[in-house]
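Down below is the structure, laid out as structure tokens.
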Amino acid sequence: MRSLLLALAPALLAACSTNPPPPSASVPTAPEQPQSDGMTATEPAPVHGVTPGHKCMAQGTDAFIGQTASDETGSAILKASNAAVLRWAPPGVMLTMDYREDRVTIWLDAARKITKIRCG
């Protein structure tokens, strides 16, 4: 039995190994874009979770603290913060801890009044 186990050990261990990616695998890139000088430049592919042109800035959103949550208030906060994504956080809800520079999070109390506004 021991000799059988020793004979099978390399095969069992080989099944757990990982192979490196083939040399032809590469990071995806966006198609080449022509530049003004006639040359082409390869730009990196967009990052998941980032909306180009939208970086949340919470300065100036304090005016919404104490207001009741509504579609109109949410739209005004999106515009004031330059965010692309709005996330409501009612009491007791669990939120993901991932950071998104294009997202604004609005915390609410039990009466649906805005208590805090933060980017991310």
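The table below gives the values:
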item: Translational diffusion of region 47-92, µm² s⁻¹ [Kirkwood Rh, Cα pairs; Stokes-Einstein; 4 °C; 1.567 mPa s]; result: 111
item: Region 62-119: C-alpha gyration tensor shape, a/c 1.5 cut-off, then a/b vs b/c; result: oblate
item: Over region 62-119, relative contact order from alpha-carbon pairs under 8 Å, at least 6 apart, %; result: 38
item: Around ILE65: net Lys/Arg minus Asp/Glu count, Cβ-Cβ under 9 Å; result: +1
item: Net charge of Cβ neighbours under 9 Å - reference THR105; Lys, Arg +1; Asp, Glu -1; result: +4
item: Local net charge near CYS56, Cβ-Cβ under 15 Å (Lys/Arg +1, Asp/Glu -1); result: +3
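Only the coordinates and a few stated rules stand behind these numbers; no lab work does. Please read these numbers as outputs of a predicted model, since none were measured by experiment. Positions of Cβ are backbone-derived with ideal geometry, glycine not excepted, and every protein chain shown enters the neighbour counts.
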